[in-house]
Structures are given as C-alpha cells and as structure tokens.
Amino acid sequence: MPSDQPIGSLFPRLFQRIADSIVIGESIFIDDNLSGDYTLLDYAYEGAHKLSFPNILRFTATIICLEGSMTATINGRTFQVGEDDLLLVKNGSIVESVTCSADFKTIAMAFADRKYYELMGRQIMYAESFLIHRSIPVRLHLESSLRESYVRLYKEVKVLYEKAQGPYKKALIGHFLGISSDLFLSMLDAAGKDEESRPREQEIYLKFMDDLQVYACRERNVSFYADRCCVSPKYFSKMVRLASGKVPVSLIKDRVIIEAKALLSSTQMSVREIADTLHFRSDSFFCRYFRQNTGMTPTAFRNAEFTKVKF
C-alpha cells in the first residue's frame, strides 16, 4: 500500500500562506481562508503537488463551511455542503471530485491518526470506537449560536498559538482538538438518534457503502456483504436496489474501479502492485477487468491522468 502522504503537502494547495497555518510535524494541519477576499483558487500553492482525482486520503479531515458551498463525491456518495455545515471524512476515504463556489469560506482540519493518538490519548480511542458504528463521511449542521462560539474559540486559539512557546504550542492544539472532537461527537450522537427512524433499505445501503470502503479491495462477493448486514443475499440485493437504484454487484464493481483509479492517479505503484493490493489473481486479470469497465487499460488511464491540468 502507498505510504501516508504528509498533510503539509496536501492542504496547502488551498491555503497559500503556509507560514500562518497551524502545523505540527507532517501530521496535524489547521487553517482557514476567513480573512480577505481570497477564494480557493487564490490559495493555489505554487510548488505544491497538484491534486488528482480520484484521491485516497491518508488522514482524517474536517471541513467547516462558513460561507458559500461545496460539493464533494466521496466513497461513491455525493455531499452538498452549505453554510454552517461540517463534513467529516475518515482516513482511507476516496475523494472522487470536489467543487466549491467562489465565495467558499472554510476552516479545515486534518490529522494523521498516529500523531493524533499521541495528542489525545484515551479520548481519540473513544472517538474511533464511536465512529466505527457511524456512517462516515457524514455531513452535520452547526446551529448559528454554536457556530459563532466555535469560530470565536478557533480565532482565540490561533492567537494563543502564535504567543505560545515550544511544547506548549502542541499542548494547546491538543486541547483544542479535544474540544472539537467532543463537540463533533455530540453532534454525531444527536444525528444518530434521528437516523434510527430511517427506512430499512437506507440503513442497509449505508452499511453496505461503509463496508465497501473497508473490504472492497479483497471482497467482491455479494454474499459477504449480505452476511455483514445479517440478511439473505436476495433480501440484501432488494434493499440496496430500492435505496440506490443499482444492484450490489454494480456498486461493488464501481468501488473497485474507483479504488484502482485512485491508486493509478495518486501513487507510483506498478500495475502489478495495484493488482496485488486489490487481490486480483494476476496483473493480466486486473488489466482485463479494468479495461472491461473503463474502456482503457490501467497504463493508458495513468498516462491520460498525467496529461490533465489538475487543481
């Protein structure tokens, strides 16, 4: 599998003034574009690696939209993010596309799990156990009073971060992330209670989509996913089709192809290494599978991606 990408090489594409960002090593990144009339395109970071889609995230990210809007397709689902919405995306997710309005204003946070564990200890372990039972990515909404309080806190933390010295900078951010996690988890908990009344087909479909993120690299049998939902394959297929309009086999194939495209466009792995990662019997079998579903070979797809102008 590809190694973790340093957060500092990804988010600065959106935040040009890297010197003003809150950066801890290559594992914690926090910044915003709230001041001035900057847009995301204004923040294009000269010299930064260009972002290609689909892209496999090697960190967990939280995007808070304060003005404007963003549309993101992640793990086969499209999210419309508007004013005061929060999008939480887990490590390992595949981002297929992102578009933003010109007036998009955001606070963005990203952290690689290992260093985040060191900063937050038991609290993040609890968070991980909580999140594993929730459909992620997830969009949440900040009430206006909560949004105002959180933004004030964020701005004060930035001021204190500049004044703090040495290890106190890291400790300050650890406390801020702890507060943020508690807030976001409480919002997830409240959202989870609302989700208890959603239709059975939607519940099974979202569980299936979450399972695909974890198992699609090695499991392409519908029965496996039906067993994960504790239902028969026939009932499982019916529920997924009702919720999505597609049969499970098609969704599994879509996820495998997106996974392959992400590895081809965002890593230097060879075709054989990608075939092994996706648990194909051989690289030739993988090439046939990819060509049947995309109309081109993996090598042709990779070469085409390298010729594109990327954001």
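The values are calculated or read from the model by the stated rules, or taken from the named source; none is laboratory data. Every value quoted in this text rests on a predicted model; they were computed, and no experiment measured them. Positions of Cβ are generated from backbone atoms using ideal geometry, with glycine treated the same way; all protein chains shown enter the neighbour counts.
Quick notes
- Sub-6 Å Cβ pairs linking a first residue in the range 270-297 that is assigned by TED's automatic domain parsing to the domain that holds Val256 and farther than 10 Å from Ile257 by Cα to a second residue that is among the acidic types (Asp, Glu) and part of a helix (DSSP H, G or I), at least 6 apart or interchain, are Val271/Asp283; Arg272/Asp283; Ala275/Asp283, ordered by first then second residue.
- Residue check for Gln202: buried (at least 18 other Cβ atoms within 10 Å of the Cβ) and either more than 19 Å from the chain's Cα centre (by Cα) or of a type in the set (S, T, N, Q) (or both): no
- Residues in the range 159-171 that are at pLDDT 90 or above and surrounded by 16 or more Cβ atoms within 10 Å (Cβ to Cβ): Tyr161 alone.
- For Leu14, the conditions (1) crowded, with 19+ Cβ neighbours inside 10 Å; (2) at pLDDT 85 or above all hold with the exception of (2).
- Meets criteria (surrounded by fewer than 17 Cβ atoms within 10 Å (Cβ to Cβ), in the same structural domain as Pro298 (by TED's automatic domain parsing) and under 24 Å from Leu86 (Cβ atoms)) for Val214: yes
- The range 139-194 - residue that is of a type in the set (S, T, N, Q) and free of Cβ contacts under 8 Å to residues at least 24 places away in the same chain and, of those, nearest to Asn33 (Cα to Cα): Ser149
- Only one of the numbered conditions (1) part of a loop (DSSP other than H, G, I, E, B); (2) modelled with pLDDT of 60 or more; (3) of a type in the set (A, V, I, L, M, F, W, C) is violated by Ala44, and that is (2).
- Wholly enclosed helices (runs of 4 or more DSSP H) of the range 192-297 bearing at least 3 residues touching a strand residue (DSSP E or B) at 6+ places or on another chain (Cβ under 9 Å) and under 18 Å from Thr73 (Cα atoms): 200-215, 248-266
- Entirely in the range 92-158, the strands (runs of 3 or more DSSP E) that have 3 or more residues that are modelled with pLDDT under 85: 94-100
- Selection status of Phe59, modelled with pLDDT under 90 and surrounded by fewer than 21 Cβ atoms within 10 Å (Cβ to Cβ): no
- Residue match in the range 255-262 (condition: surrounded by 14 or more Cβ atoms within 10 Å (Cβ to Cβ), over 24 Å from the mean Cα position of the chain (by Cα), modelled with pLDDT of 90 or more and under 23 Å from Phe290 (Cβ atoms)): no
- With respect to the conditions (1) in contact with a Gly (Cβ under 8 Å, 6 or more places away or on another chain); (2) farther than 30 Å from Asp276 by Cα, Pro199 lacks only one, and its number is (1).
- Among (1) modelled with pLDDT of 95 or more; (2) at positive phi - the single one Glu273 does not satisfy: (2)
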